[in-house]
Structure formats: structure tokens, C-alpha cells
1. Which residues, taken from region 72-104, are among the small types (Gly, Ala, Ser) and surrounded by fewer than 16 Cβ atoms within 10 Å (Cβ to Cβ)?
2. List the number of the failed condition for Tyr40; all other conditions in (1) at positive phi; (2) touching a helix residue (DSSP H, G or I) at 6+ places or on another chain (Cβ under 6 Å) hold.
3. List, please: which pairs have Cβ atoms under 8 Å, are six or more places apart or on different chains, and start with a residue in region 26-45 that is among the basic types (Lys, Arg) and end with one that is surrounded by fewer than 16 Cβ atoms within 10 Å (Cβ to Cβ) and outside any loop (DSSP other than H, G, I, E, B)?
4. Pick from Glu57, Glu75: which is of a type in the set (Asp, Glu) and either modelled with pLDDT of 95 or more or under 15 Å from Met102 (Cα atoms) (or both)?
5. Pick from region 12-71 the residues that are closer than 17 Å to Arg89 by Cβ and among the small types (Gly, Ala, Ser): which of them is least open to solvent (accessible area, probe 1.4 Å)?
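The values are calculated or read from the model by the stated rules, or taken from the named source; none is laboratory data. A quick note: this is a predicted structure, and the numbers were derived from the prediction, not measured. We place every Cβ from the backbone using ideal geometry, glycine too, and count neighbours over all the protein chains shown. Just the protein is used for accessible areas: all its heavy atoms, side chains included, with ligands, DNA and RNA removed. Shrake-Rupley method; radii C 1.70, N 1.55, O 1.52, S 1.80 Å.
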Amino acid sequence: ESESWLDEVNRYIDGNFDYAIKYLQEKLPKAVISPREGTYLMWVDLSAYCDDEKKLEKYLLANSIVVNQGYTFGENGKGFIRINLACPRCLVEECVERLVEMLG
């Protein structure tokens, strides 16, 4: 009975992804965004901007950007951050704008 709600939520998350990917591709062209695999999480490789994950983590926190650090998920996650897209669009906008301010 909640199929329409789920469809609406998925469309909203898709919209957040579309917004974030377009913004980041325009403003941080060296960032590599992994394709979504049926999830509400966006994996972004920022190693072209900072190759030290601990330093990147400090910069992010100093700029009030709270994301999951990819290195906590293993060797393949180094250089990546994971952004939650299942939130209000204004938070996604704020996150990517701060990223651009910090790295751009």
C-alpha cells in the first residue's frame, strides 16, 4: 500500500543525485562520481584534490561538511567520500556548495 510513497521518495533521491552530480561536474571537474547502484548514497572520489584522506577529513570537518569517509570502508574507499542523498535538497545543496568552496 506504500508503493506510491516509495516511488515519490525514489524520484526525490534521483533529483538530489541529478542536482549534486551536475553541480560537482561543473564546479569540481576532477571529482569522480561513481554510478549509483540502487542506493541513496553518492560516492565521490576527491583524491585529485587531496591525496591524504586524514587531511581531507580534517578539512571537511573544519568546513562543517559531515560525510562518511571512504577509507573507513577499506582500501578501495581511500580518497572517496560518501554523501547521503536521502535528505532535504537544501542539505545536499549546502554540502556540495561547501565542497566546492573548500576545494575549488
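1. Gly74, Ala86, Gly104 - these are the residues of region 72-104 that are among the small types (Gly, Ala, Ser) and surrounded by fewer than 16 Cβ atoms within 10 Å (Cβ to Cβ).
2. (1)
3. Lys27/Val100
4. Just a single option satisfies the conditions, and that option is Glu57.
5. Ala20
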